[in-house]
Structures are given as C-alpha cells and as structure tokens.
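In what follows, a single structure is set out as structure tokens and then discussed.
No lab work stands behind these numbers, since they all come straight from the coordinates. Keep in mind it's a predicted model, so treat the numbers as computed, not measured. We place every Cβ from the backbone using ideal geometry, glycine too, and count neighbours over all the protein chains shown.
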Amino acid sequence: MKNQKEITSDLKGLINILNDGKEGYKEAIQNVKSEALKSIFMDFSNERAMYAEELKAHIVQHGDYSENEEGGVLGALHRAWLDVKEMLTANEDSAILNAIETGEKAAVDKYDSVLKDYADHADHYSLLSKQRNGIQKALDKIKMLELEYTD
C-alpha cells in the first residue's frame, strides 16, 4: 500500500500529462489549417485543463498542492506530447493528428498504471476513471479524424 505522499505523487504525475496535453492541443491549434480541428482541439485543451483542476482540488483534500500549469520537466517517457512539437514542423493536419494520437495513448497508459491498484486510489477512483474514459473518447475521435484527414 502506498503512503499519502506516493498517492499524491501519482496524481501530480497525471496533472503533468494533462497539462502537457492541454499545451499540446494549444500548439496544434496554431498549426492546423482546418477550422473544425481548431475547434475540436480547443475543446480537448479545455477538457484537460478542467481535469487538472479537478485533480488539484483532490490533492488539496489530501493535504498537498500542485501549482503545475504547463506540464512537467521530468518524466518525458510518459509525456509523448513532446512529439507534437516535432510533428508540427510538417504543418500537415494528418501529421498533427498522428502526434496527438501518440500523446493521448500515453495519457491513457498513465491513467491505466495509476488505476491498476484500486486500494491506493479508492477515494478518487471514480474521478480518475471518468477522466481516463474522457481521454479515451478523445483518442477515439482523433483516430476517426486521422482517417478523414489522411491523403
């Protein structure tokens, strides 16, 4: 069983990847041509920001805090959103969607790793499950969009 500090560390790791996603979507908005994609990406960016705020509030309930607004410096393995910046140089909507898919998969994987131990996260399991399912839904949407925007 994890101690309180380890549990809040898990939640802060999720905040990092949520903020990386939020920032990745903002970067993508600046580089896609499609107005429809810009709108979808803005919605997903706002959703990630909301998820991060929900987790921050939960961390406060556990006697800790997180001021992270932009993602993390460490843990690049889990923050595949950095791939977005590389892909943006191609400046093609399909390449950007592909990079976003990579980031969303990393986020789902991070949530899955936290959710695998119910006992450690029982008091916020439903919140984490809801957020994970929201990210999975976004991932599914991105996969559909990739098909639409592939040449």
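Potential lengthening of the chain between Val60 and Glu148 amounts to 27.5 nm, from the contour at 0.36 nm per residue minus the alpha-carbon distance. For trypsin sites (Lys or Arg not before Pro), the sites in the range 1-73 that DSSP calls loop and that have at most 15 other Cβ atoms within 10 Å are Lys2, Lys33. Taking 29 Å as the cut-off for C-alpha to C-alpha distance, list the pairs among Lys33/Lys56; Lys33/Lys130; Lys5/Lys143; Lys38/Lys110; Lys38/Lys116 that go past it. Too far apart for the 29 Å limit: Lys33/Lys56; Lys33/Lys130; Lys5/Lys143; Lys38/Lys116.
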